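Any read-out appearing in this document is the output of simple, stated calculations on the displayed coordinates, not a laboratory observation. The shown structure was predicted, so the numbers you read here are calculated from the model rather than taken from an experiment. Cβ atoms come from the backbone with ideal geometry, glycine included; neighbour counts cover every protein chain shown.
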Amino acid sequence: MAISHLKLAYTMVVTEKCDVYSFGVVALETMMGKHPRELITSLSSPLCQDIMLRDILDSRLSLPEDVQVARDVVFVVFLALKCIHSNPQSRPTMQQVSYKLLGNIPFPKPPYYAISLCELKNQEI
């Protein structure tokens, strides 16, 4: 169970950071085609370096060939990773996420399939 859910379970305090965490989980689930439970756990381990973006995407779908679609996929995963940050104070607000979704997507540099999740996780928003 994620820290955010544990905090909610013990304090029964619902904050904006719970909403943004949930958004991140749903966004990852959409990209992966399954609940990201194991991925969330793996992101806090040193093995995170070995997890490649292409390896978590829904295998039932072909990898996007269109550059804009690929950028959109990377950007959604990037935002989702920010939203599920283990420290709630480090998560963006939903307003920040909304502004980012409406703005320009500044990355990735090809080849996007060679991006690790740690690279995305550590990139500034």
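Table for the structure above
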read-out: Within-9-Å neighbourhood charge of Pro92 [Cβ basis; K, R +1; D, E -1]; value: +3
read-out: Separation of the Glu124 and Val67 label points, Cα + 7 Å toward Cβ, nm; value: 2.5
read-out: Computed FRET value (nearest 0.05) for Arg60 with Ser86, which takes r as the C-beta separation and R₀ as 41 Å; value: 0.90
read-out: Additional length obtainable on full extension of the chain from Gln49 to Thr93, 0.36 nm per residue less Cα span; value: 13.2 nm
